[in-house]
Every structure is written in C-alpha cells, then in structure tokens.
Amino acid sequence: LLVMALLGLGMACGPVQPINAELAVDVTYPGDETAVESVQQIGGNLVSALLVPVAEIALEQDYQLLPGYPALASDIRGDVVLLAALAGATYIYFSGFDSPLKRTEADGGHAPLDEEDG
C-alpha cells in the first residue's frame, strides 16, 4: 500500500519540476536557461537540506486534536503540521503570481497550443 501511495504521489507531483523550470525560464528571459535552472535546482536542494533538521525536531512534537470529543479525538505529529504550514504558505505566496511571460512575448505572444493544426 505504501509503495502504491508513493508511486501515485510521484506520478502526480513529478511533472511539477519541468513545468516549474519552464516557467522560470520564461519569466527570466533573456537570461541563460541553464543558469536559471541550476539556481533553481541548487536553491531547492538547499531548502530541502535545511528543512530536514527542522522536520526532525518537529517530529518529536505531538498535538492532540479535539480531546474533549472522544469520538473525534485524534493526534497529529509536528512534522505533518510543519509540511502542511509550508504547503499553505507556498500556496498563499504564489496564488497572486502574475509576472509577464517575457519569452512568450518575445516569440510573438503565441503559445504552442494556440497554433492551428495543419
């Protein structure tokens, strides 16, 4: 079950990296594509490395949810709270993203999906 869940997560989240890299290159045009993707990859790895000890510390925390209602009582570990807060903060930060797509504008404003077949 765990392997199937991880496989499903990988198939759902894996395509995010190439899409993210393409967006970064489009926004920073005419910057060097390799430099943009390298900075993005190194930055992501650095943040991940810095979050590991924080997640280990948070792992030791245990929060009780609805202890006054025995039928609904549960608990949640701190690492889950940390990752949920990180995901929520990322969503809030990027929900207002509206940067001009410089490479698309330089190409005449036509995205590949807008071209007619034929």
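One table, with the values for the structure above:
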{"read-out": "Among Leu66, Pro30, Cys13 the positive-end extreme of the charge dipole of the chain (Cβ point charges)", "value": "Leu66"}
{"read-out": "Under-5 Å amide H pairs with Tyr29, H placed in peptide plane, nonlocal only", "value": "Lys102, Arg103"}
{"read-out": "In sequence order, calculated HN-Hα J values of the range 54-71 (Karplus, 6.51, -1.76, 1.60; Hz; x Gly/Pro)", "value": "5, 5, 5, 5, 5, 4, 6, 7, 9, 10, 8, 10, 6, x, x, 10, x, 6"}
{"read-out": "Accessible area expressed per residue, the range 1-74, with surrounding protein chains retained (probe 1.4 Å, Å²)", "value": "79"}
{"read-out": "Rg/Rh ratio calculated on Cα atoms of the chain (Kirkwood radius)", "value": "1.12"}
{"read-out": "Dipole magnitude of the chain about its Cα centre (Cβ charges: Lys, Arg +1; Asp, Glu -1), debye to nearest 20", "value": "580"}
{"read-out": "Full-extension gain in nm, Leu7 to Tyr93, via 0.36 nm per residue minus C-alpha separation", "value": "28.2 nm"}
{"read-out": "For peptides 96-105, 1-10, 30-39, sequence by mean Cβ density within 10 Å, most packed first", "value": "30-39, 96-105, 1-10"}
{"read-out": "Within-12-Å neighbourhood charge of Gly78 [Cβ basis; K, R +1; D, E -1]", "value": "-4"}
{"read-out": "Positive minus negative residues near Gly31 (Lys, Arg vs Asp, Glu; Cβ under 13 Å)", "value": "-2"}
{"read-out": "3J(HN,Hα) from dihedral phi, the range 3-8, Karplus parametrisation 6.51/-1.76/1.60, rounded to Hz, x for glycine, proline", "value": "4, 5, 5, 5, 5, x"}
{"read-out": "Per-pair calculated FRET efficiency, R0 = 30 Å: Ala71 and Leu51 via Cβ, rounded to 0.05", "value": "0.30"}
{"read-out": "Value at 222 nm in deg cm²/dmol, rounded to 500, when DSSP H runs of n ≥ 4 in the chain each add -39,500 (n - 2.57)", "value": "-20000 deg cm²/dmol"}
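The values are calculated or read from the model by the stated rules, or taken from the named source; none is laboratory data. Values in this document were obtained by computation on a predicted structure and should not be read as measured data. As a convention, Cβ positions derive from the backbone with ideal geometry for all residues, glycine included, and neighbour counts pool all protein chains shown. To get the accessible areas, we keep the full protein, side chains included, count just its heavy atoms, and leave off ligands, DNA and RNA. Shrake-Rupley method; radii C 1.70, N 1.55, O 1.52, S 1.80 Å.
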